[in-house]
1. Inside segment 1-56, can you point out the residues that are part of a helix (DSSP H, G or I) and loosely packed, with under 14 Cβ neighbours inside 10 Å?
2. Could you check segment 170-198 and list, in sequence order, the residues that are surrounded by fewer than 18 Cβ atoms within 10 Å (Cβ to Cβ) and touching a residue at least 24 places away in the same chain (Cβ under 8 Å)?
3. Only one residue in 148, 142 is without any contact (Cβ under 8 Å) to a residue 24 or more places away in the chain, touching a helix residue (DSSP H, G or I) at 6+ places or on another chain (Cβ under 7 Å) and more than 21 Å from residue 174 (Cβ to Cβ), so which one is that?
4. What number of residues within segment 40-52 are modelled with pLDDT under 80 and under 23 Å from residue 17 (Cα atoms)?
5. Only residues in segment 110-129 that are closer than 11 Å to residue 160 by Cβ count as the first member; pair them with residues that are modelled with pLDDT under 95 and assigned to a loop (DSSP other than H, G, I, E, B), Cβ under 6 angstrom, at least 6 apart or cross-chain, and list the lot.
6. With the checklist (1) out of contact with any helix residue (DSSP H, G or I) (no Cβ under 9 Å at 6 or more places or on another chain); (2) closer than 22 Å to residue 186 by Cβ in hand, flag the one item residue 87 doesn't pass.
């Protein structure tokens with residue numbers, strides 16, 4: 001890949017949560033955040049999590065062999081959701097590029113409502129979604145990425161991120177959309193933005 005540094009998290013390929021790795025290209029200079037750690041070539045202090053490292057390695061080996069099947073499965077779910085969405089909800093914007101995007105993620109801005117409310121109500125139906133990337137989950141501000149691609153602040157606040165995994169099915173898509181339709185109707189009934197639009 002001809003990169004100098006590459007970080008990765010094990011949970012993204014079904015490895016142990018909290019484990020990760022950093023590839024450092026030979027000759028790339030880095031400075032340790034905490035001094036010490038001769039066992040890590042003076043790059044970091046602390047003991048290695050041997051069990052976690054082994055678990056991550058096994059998960060990576062498995063992922064390497066089944067990656068094409070996982071990607072095809074996730075993409076089929078994503079495409080089905082995109083195809084069925086207009087039958088359940090109107091006035092939304094798909095933020096994800098149709099082809100140049102990850103097969104397991106879909107970002108949708110549902111207009112006139114708050115994405116945070118949608119996520120909480122979906123959670124009541126045992127459906128897990130998010131309003132933004134995990135690294136920005138503590139922020140209440142509109143996504144700078146969505147704003148930079150031209151979304152209004154209101155539309156950015158109405159965004160939910162849907163992810164797919166190896167255990168999801170086509171039936172899960174129908175369950176999700178049925179729940180989403182009810183939630184969007186409920187929230188728009190009390191939305192001043194939606195009432196003004198009407």
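The values are calculated or read from the model by the stated rules, or taken from the named source; none is laboratory data. As the structure is a prediction and not an experimental result, all values here were calculated from the model. For neighbour counting, all protein chains shown are included, and Cβ atoms are generated from backbone atoms with ideal geometry for every residue, glycine included.
1. 12, 38, 39, 40, 50, 51, 54 - these are the residues of segment 1-56 that are part of a helix (DSSP H, G or I) and loosely packed, with under 14 Cβ neighbours inside 10 Å.
2. The answer is 170, 172, 174, 175, 177, 178, 181, 186, 193, 194, 197.
3. 142
4. 5
5. Pairs found: 110/158; 113/158; 113/191; 115/131; 115/158; 116/131; 119/131.
6. The one condition residue 87 does not meet is (1).
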